[in-house]
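First comes the structure, then the notes that go with it.
Values in this text are rule-based calculations from the coordinates and carry no lab data. The shown structure was predicted, so the numbers you read here are calculated from the model rather than taken from an experiment. Cβ sites come from the backbone with ideal geometry, for glycine too, and all protein chains shown count toward neighbours.
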Amino acid sequence: MLIVRSLLFNVAFYVNLVLWLIMLIPAFLVPRRVFMRLVQTWAHTSLWLLRVIAGTRVVITGREKIPPGGALVAAKHQSFLETFALVTILDDPTYILKRELMWIPFFGWYLAKARCVPIDRKAGSLALVQMTARAKDEAQHGRQIIIFPEGTRRPPGAPPAYKYGVAHLYQNLGFPCIPVAMNSGLYWPRRRFIRRPGTVRIEVLDPIAPGLPREEFFQEVQARIEGASNRLYEEGRRELGLGPSSSSETSLSKA
């Protein structure tokens, strides 16, 4: 049943995505804020499909900790799930993402409409300058800048691999940073089509006020995200009947 439900969900998810990509074509003519509300509606439909077909609920706690206006959102990244789940709880989100995603037909066009912030990883220090200027402009217009500090998906329980881009943004934006922890990779493993039934937990943590020294912030944001994510990881393992994790890498972490 796990394989059947996972297969059915994946088909429904991508059919729904394609339909929304087509339906959103006229949205190029509407204001960006209206466009973002439509994107949030798509995200809600995707979460509904995940719950109804795969039996995977997504519970997001700590929404009340999100301050109004501009902010930097530093989130754990374990699966594709959080890339759309996070937009359902933020007022006007945008993403830091690799420039190549902007080149994908339709999908990339919508990223441009949403005024996402691309980064050219081959441009070195110039990329940080350009990214920061764009992100600061968006934050000053009241937007929440979402960044995955590790740069790519990491298996649940894997050692952290944070990059200094998040500290660079924090230091230059002058806005609070909202850490976000989760255990999504247990239920939506990277590079696999399996969707495990259960409860994905995403937790918004206490904001980090602007003004901390760069290195102090870098250590603090890691400690908060990793501490909470490890706790949620253990909760998820218990729900899935896996028991407490050991020092050796589990089969789920290798997924």
In whole angstrom, the spacing between the Cα centers of segment 83-113 and segment 185-216 equals 18 Å
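Report the extension gain between GLU220 and LEU21 in nm, rounded to one decimal, defined as 0.36 nm multiplied by the number of residues separating them, less their alpha carbon distance.
67.8 nm
Going through the DSSP H helices of the chain, which span 18 Å or more along their own axis at the Cα atoms while scoring at least 0.5 as a mean Kyte-Doolittle hydropathy? Display every interim value, and only then the final one.
Details: long enough: 2-23 (31 Å, 1.97); 32-49 (26 Å, 0.12); 125-140 (23 Å, -0.19); 214-239 (37 Å, -1.49).
TM-like helix candidates: 2-23.
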Reduced to Cα centres, the span from segment 119-184 to segment 6-72 in Å works out to 21 Å
FRET efficiency for VAL4 and ARG192 from the Cβ-Cβ distance with R0 = 22 Å, rounded to 0.05, comes out at 0.90
With the label point 7 Å along the Cα-to-beta-carbon line of LYS122 and a cut-off under 16 Å to each amide N, the hits in segment 82-105 are 98-104
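What translational diffusion coefficient, to the nearest whole µm²/s, does segment 56-239 have by Stokes-Einstein, given a Kirkwood radius computed over alpha-carbon pairs, a temperature of 37 °C and 0.692 mPa s viscosity?
Answer from the Stokes-Einstein relation: 197 µm²/s.
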